[in-house]
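Structure record follows, encoded as structure tokens.
The values are calculated or read from the model by the stated rules, or taken from the named source; none is laboratory data. Being a predicted model, the structure only gives us computed values, none of them experimental. Note that we place each Cβ from the backbone using ideal geometry, even for glycine, and neighbour counts take in every protein chain shown.
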Amino acid sequence: MPDQISLGRRNFGRFIIWGSAIFLILTVLLQSLDQTNFLTFGFENWRPTLYAYLLWAFCLCLGQVILYGEQGKRRLFILPAVLFVISVVIFPLIFALGIAFSSWNLSSPDGRQFNGLANVYQMWADPFYWNALKNMIYYTLAILVEYVIAFGLALLLNTQIKARKFFRVAFLMPLMLSPVAVSWMIGKSMLEARFGPISRLARELGWENPSFFGSHEMARSVIMMMDAWTFIPLMMIMILAGLQAIPKEMHEAADVDGAPPWKKFWEITFPLMLPVSITAILIRIIFKLKLADIIINVTSGGPGGATDSVTSFIFREYRDRSNVGYGTFLAIFYLIIIVILMTILIKIADKWMKPRY
Amino acid sequence: MKKQIFHDTAKDLSFKPNWMFNRLIIYGILIIWAFICLFPIYWTITTTFKAAPDVMKGNIVPWWDFTPKWLGLKSLGLSPNTIFVENTVREEFLKRFWNSTIIAFSSSTIAVALGSCTAYGLSRFSYRFGFMRNSDISFFFLSQLILPPVVLALPFLVLYKELALLDTRIGLIALYTLTVLPIVIWIMRDQFGSIPVELEEAALVDGLSLWKAFITIILPIALPGIIAAFIISLVLTWNEYFFAALLTSSHAKTLPVMVASQTGSQGIAWWSMAALSFAAILPLVIIGIILEKFIIKGMAAGAVK
């Protein structure tokens, strides 16, 4: 039932929304004029625009309640989050598109220059970027191995064992640790060629001069293993939750039929776990595509770009060369690839996701 | 004598040793994996107390093959004999620690507040914003999860420079809130979905307003989910390195950035790096041990429908 809103209240609501909107537009206009040196107001930065935006957002939320009463209060549940996400994602993304097609080096005094498709050509001829994309494929494929390990561990945790809580906490630990700390703890000290405990172990096992970041394949697999070490718990716990949701009768029925364990797994557990597995793998892929911290801190992409991920590559592109324009273009290109691939993956996964119990 | 229904076949009887063997393998694998998970943490803690010769000799067990020394904590100015003395490293460390704490806690709080309201609204009412309906709005929020941080990093660098938000805590808080918001919404949607609608219907009939019913009745019931979402946000924001490395320089630098900036510059002075790494992971290790139940709950949310 719509509330009775008086005309005066309605006008007031409209007034604060439109009033603050006009104020926001005016501020933006004045600031742009100031920026382009048409007029001088002496703004030091764009803060006034930010404040005007915040005021408008606040008035918009308040206006909903004033204008629509009960209905407006319902909108109030999601409006702040929508405004927040739009202002910190959509707006910067549009802004990023502008930067992506320009040559902009923060360390050079020229400022931003529109350069059309030059960044596209540069990317096309940039072997290191394609190499980083290729590495991302390797890194993503490693998820299958992680999945098998996580599934195995979840199965073990789901059996009748003592000290289950201890094992759960212990298995969860790697996920809690900061990737930067992990980079030092494992990458820089435990894998250190002379004194690291893992190198010592390798020497005991007969590897003369253990070097974990010497060859391309070795370095890449070490990075994969460190990343797997931190993220296996995430998949393991999702799979464990799925295992615990399987109705007990399923297993009992199979036991009565006298099915051997491996058959029980392949014909009951695994198919039932398919939806959960796919969710876990998709989420893991999403996290994997952001992989950077460990690479930046342990190898900074070396040797010869063998361990570079797209994110770490762009990070260095900015850090070492202050090349904002080109870096942003690479990032946008990466985003487009991700969105296309993820959409296809989700579409394919949807077919398999139908719960079977 | 009662007739036995299930006879023990020869196969069943011979199963016993097999079962023992299975147990042995299961515990064997579990213990090996627990060792893999815990050893790096143990290594870091013990290395904090090692001097250079201990590191070079590869000593691992304290008191047995090396005597613990206060080297690591001394380098941070936190050992017993330096704790009351002025120390620039400690000042620096505490500042970073405090920055991390404030940023992680504020962004998690904001994300949980915004996310809970959104998830509640989406699970209870039907909205229409233009062509966007509930499922579209949900997708809009969750799709932010796919967005790689690197896409936002450079535009934000430029924007924050213009807005004078570079190297400020507020700037980082806004970004971190954004990165964990989809996860919070994911967890809370699951949580609110499991609370029966009749509950607030009864409250509304009793004359409570919409928001009052939400705050006084629904939120307390959803508390486990809220705690789970908060802790997972805390873990992610505390550990965040990428944005912090790009957007802060001196004032708002967080602990991970400090840890990263020290690596490599210490030579064989492993004890100081170990102490720093240990300090960076300690809060979360404690949270992980105490609140493990909630973390698991949060991660399992949405996995099972």
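Of the conditions (1) more than 20 Å from A:Asn105 (Cβ to Cβ); (2) at pLDDT 90 or above; (3) within 11 Å of chain B (Cβ to nearest Cβ), A:Ser300 satisfies every one except a single condition; which number is it?
Condition not satisfied by A:Ser300: (2).
Scan region A:155-170 and tell me whether some residue there is within 22 Å of A:Met273 (Cα to Cα), at pLDDT 90 or above, in the same structural domain as A:Ile223 (by TED's automatic domain parsing) and crowded, with 23+ Cβ neighbours inside 10 Å.
No - not one qualifying residue is present in region A:155-170.
Determine which member of the set B:Ala164, B:Ala153 is at the interface with chain A (Cβ under 10 Å from one of its Cβ atoms) and touching a Lys or Arg at 6+ places or on another chain (Cβ under 8 Å).
On the way: B:Ala153 fails: touching a Lys or Arg at 6+ places or on another chain (Cβ under 8 Å).
Exactly one residue qualifies, and that residue is B:Ala164.
Here's a check for you: in region A:133-164, which residue that is under 22 Å from the mean Cα position of the chain (by Cα) and among the small types (Gly, Ala, Ser) is nearest to the other protein chains (Cβ to nearest Cβ)?
Here the residue is A:Ala150.
If you take the residues of region A:303-316 that are modelled with pLDDT of 85 or more and surrounded by fewer than 24 Cβ atoms within 10 Å (Cβ to Cβ), which of them is farthest from the other protein chains (Cβ to nearest Cβ)?
A:Ala306
Does A:Val169 qualify as being under 23 Å from B:Ala274 (Cβ atoms), at the interface with chain B (Cβ under 7 Å from one of its Cβ atoms) and either of a type in the set (Asp, Glu) or touching a residue at least 60 places away in the same chain (Cβ under 8 Å) (or both)? Explain how you work it out, then say what you get.
Working: under 23 Å from B:Ala274 (Cβ atoms): yes; at the interface with chain B (Cβ under 7 Å from one of its Cβ atoms): yes; either of a type in the set (Asp, Glu) or touching a residue at least 60 places away in the same chain (Cβ under 8 Å) (or both): no.
When the stated conditions are applied, A:Val169 does not pass them.
Would you check which residues across region B:119-140 are at the interface with chain A (Cβ under 7 Å from one of its Cβ atoms) and part of a helix (DSSP H, G or I) and list them? Before the answer, list the steps.
Pass one, region B:119-140, residues at the interface with chain A (Cβ under 7 Å from one of its Cβ atoms): B:120-122, B:125, B:127, B:137.
Matches in region B:119-140: B:Tyr120, B:Gly121, B:Leu122, B:Ile137.
Pull up region B:124-168, narrow it to residues that are closer than 19 Å to A:Leu83 by Cα and among the small types (Gly, Ala, Ser), then point me to the one that is surrounded by the fewest Cβ atoms within 10 Å (Cβ to Cβ).
Filtering region B:124-168 for residues that are closer than 19 Å to A:Leu83 by Cα and among the small types (Gly, Ala, Ser), the one surrounded by the fewest Cβ atoms within 10 Å (Cβ to Cβ) comes out as B:Gly130.
For B:Thr82, which of the numbered conditions (1) buried (at least 16 other Cβ atoms within 10 Å of the Cβ); (2) in contact (Cβ under 8 Å) with a residue 40 or more places away in the chain; (3) of a type in the set (Ser, Thr, Tyr) fails to hold?
(2)
At least 1 residues that are surrounded by fewer than 20 Cβ atoms within 10 Å (Cβ to Cβ) and at pLDDT 90 or above in each: list the helices (runs of 4 or more DSSP H) lying fully within region B:169-275 that qualify.
Details: elements: B:169-193, B:198-205, B:210-213, B:223-239, B:242-247, B:255-262.
Correct list: B:169-193, B:223-239.
In region A:190-199, is there at least one residue being surrounded by 18 or more Cβ atoms within 10 Å (Cβ to Cβ) and either more than 22 Å from B:Asn59 (Cβ to Cβ) or modelled with pLDDT of 90 or more (or both)?
no
Which of the helices (runs of 4 or more DSSP H) found entirely inside region A:6-111 contain at least 1 residues meeting this: within 30 Å of A:Gln122 (Cα to Cα) and at the interface with another protein chain (Cβ under 10 Å from one of its Cβ atoms)?
Details: elements: A:7-35, A:47-68, A:70-85, A:91-100.
Here the list reads A:91-100.
Could you list, ordered by first residue, the pairs with Cβ atoms under 8 Å in which the first is in region A:223-237 and small (Gly, Ala, Ser) and the second is part of a helix (DSSP H, G or I) and surrounded by fewer than 23 Cβ atoms within 10 Å (Cβ to Cβ), at least 6 apart or interchain?
Sorted first by the residue in region A:223-237, then by its partner, the pairs are A:Ala228/A:Ala142; A:Ala228/A:Val145; A:Ala228/A:Ile149.
Report yes if A:Ile338 is closer than 22 Å to A:Leu234 by Cα and surrounded by 14 or more Cβ atoms within 10 Å (Cβ to Cβ), otherwise no. Give the derivation first.
Details: closer than 22 Å to A:Leu234 by Cα: yes; surrounded by 14 or more Cβ atoms within 10 Å (Cβ to Cβ): yes.
Yes.
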